[in-house]
């Protein structure tokens, strides 16, 4: 089979089944569970995965060491070293999925985009969609694979820190969109992490990530466009936030599918903002 070229940031289970044996395709399981779930994503990957899928641990292994906030984006050299150990090279075509449909996989899509790798897509519907179409799964330890050669090329426009975001809060050409549930956004439901204030950033708007999905799949592009048009102008830079920088990436991917161009994720998200008292909260 000839080398593959990924032309969309979202692929279907049928597309992946057709191209699974492409020589430059690498499938990544990026399943992650919220703290307190008592589920072990890596253990579940060993028990059931798309054939050949490698586990991408953005919570501990491919994250900034000793960061004060969860799963912060690592330095480019760290990222390159870790993905090379997964057999990923600059020429690799990457499909990322998770076991919950669409939840944590967009985080890894965003990480690769931030590191300058555009040939990456998310599996729409994730592992449930793969199984629903009757495709096989495998279990046990993965087969051996060769080391990759990956050179990260950091794209600063994809990520922002708290101090920089503070300077943009009241800028007309920027709109902050918060992916948390509306009750958390408005402060009527307490935050799950201790020491984190309730509420939202001044001038931010609520766009819960679940409004962009149906049955574990993204809404059609036209409907996504309507969702973003309702909360932002077409030419605004969109900055996405959530609880800890995971579901914000669902918004980022949905915005790209909707045709938006200036997309940025606040990596520390509310875990950082709500716990840092110099940052204002409404």
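Annotations
- Hey, residue 259 in contact with a helix residue (DSSP H, G or I) (Cβ under 7 Å, 6 or more places away or on another chain) and loosely packed, with under 14 Cβ neighbours inside 10 Å or not: yes
- One residue from 69, 79 being touching a helix residue (DSSP H, G or I) at 6+ places or on another chain (Cβ under 6 Å), under 28 Å from residue 264 (Cβ atoms) and touching a residue at least 12 places away in the same chain (Cβ under 8 Å): 69
- Residue in the range 131-147 that is under 19 Å from residue 253 (Cβ atoms) and either surrounded by 13 or more Cβ atoms within 10 Å (Cβ to Cβ) or in contact with a strand residue (DSSP E or B) (Cβ under 9 Å, 6 or more places away or on another chain) (or both) present: no
- In this entry, residue 193 passes the filter for residues that are surrounded by fewer than 17 Cβ atoms within 10 Å (Cβ to Cβ), in contact with a helix residue (DSSP H, G or I) (Cβ under 7 Å, 6 or more places away or on another chain) and in the same structural domain as residue 256 (by TED's automatic domain parsing).
- Residues in the range 63-99 that are more than 15 Å from residue 244 (Cα to Cα) and either modelled with pLDDT under 95 or under 13 Å from the mean Cα position of the chain (by Cα) (or both): 66, 95, 96, 97, 98.
The values are calculated or read from the model by the stated rules, or taken from the named source; none is laboratory data. Since the model is a prediction, treat every value here as computed from it, not as a measurement. Glycine gets a Cβ as well: all are built from the backbone with ideal geometry, and neighbour counts include every protein chain shown.
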